[in-house]
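Structure record follows, encoded as structure tokens.
The values are calculated or read from the model by the stated rules, or taken from the named source; none is laboratory data. Everything numeric here is computed off the predicted structure, so don't read it as measured data. FYI the Cβ positions are ideal-geometry reconstructions off the backbone, even for glycines, and counts take in every protein chain you see. The accessibility values were calculated without ligands, DNA or RNA, using every heavy atom of the protein model including side chains. Shrake-Rupley method; radii C 1.70, N 1.55, O 1.52, S 1.80 Å.
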Amino acid sequence: MRFDVLRASLPFGKVELQGCKMLQRIQSKISGKLVLALFFAANLVYLTMLFYSIPMLLKYSGGLPIFDMSPLGYRYQEAMALLKALGEEGRNAYASIQLSLDILYPLLFALCYFALLQWLIRLGELSNRFCLYLSIIPIFVCVFDYAENICIWLMIQAFPTISENLVLTSSTFTLLKSVSTMIYFIGLILVVVFLISRRIIRLVVAKAS
């Protein structure tokens, strides 16, 4: 019996096979126009945060980086210092403006970058599991981002009596979000480089023959 047949006969293998088939069905419905529309929507929200809400919060905090700008996480003392520096008005702005925008962005990010990689997989006729698993990472980023946002909201509401465990949990989700985002974009770059390199090689071979 072939290894892949044996693998497919196992419970985990069956789930994996069904997952791959589901992703293939999704791929058939993803177009370049859809990817472009999602990319525009996601980055419109991102740029709004980058040039509006984040600079506003930095003014309130006196330049202290907000939680969203701390990819490596933060300690309890740093979280308390930020929330204190923001003041009541700044904390209200964080909860009402920044977190409201950050309700939209994680979902748009997940949809956009999942669809982008699925589109590239179909376009480049890629069949290896690495690309399929890589395309799922934005969904985890979305989950980590929402979990981080909930923790930030809880910290704002609880200030100044915030537990160290809450800060640790929030910081952990921030770190997980950052690491998974970095892994995804490194993988995306590798996929794009591979597709371009393969295209160039095929053109060179075609001209040589």
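The figures follow:
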| quantity | calculated |
| --- | --- |
| Tally, over region 135-153, of residues that are touching a helix residue (DSSP H, G or I) at 6+ places or on another chain (Cβ under 8 Å), open to solvent by 70 Å² or more (accessible area, probe 1.4 Å) and over 12 Å from L107 (Cβ atoms) | 2 |
| Subset of region 120-152 (residues that are over 12 Å from the mean Cα position of the chain (by Cα) and among the aromatic types (F, W, Y)) | F130, Y133 |
| Enumeration of residues in region 24-58 that are farther than 23 Å from C112 by Cα and in contact (Cβ under 8 Å) with a residue 24 or more places away in the chain | M56, L57 |
| Residue in region 93-115 that is touching a residue at least 60 places away in the same chain (Cβ under 8 Å), open to solvent by less than 20 Å² (accessible area, probe 1.4 Å), closer than 24 Å to P160 by Cβ and not hydrophobic (A, V, I, L, M, F, W, C) present | yes |
| First in region 136-158 and closer than 24 Å to R75 by Cβ, second anywhere and open to solvent by less than 20 Å² (accessible area, probe 1.4 Å) and not in a helix (DSSP H, G or I), Cβ under 7 Å, 6 or more apart | M155/I162 |
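Residue by residue, here is whether (1) hydrophobic (A, V, I, L, M, F, W, C); (2) in a helix (DSSP H, G or I) holds:
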| position | (1), (2) |
| --- | --- |
| R122 | no, yes |
| S127 | no, no |
| V141 | yes, yes |
| L166 | yes, yes |
| L176 | yes, yes |
| A206 | yes, yes |
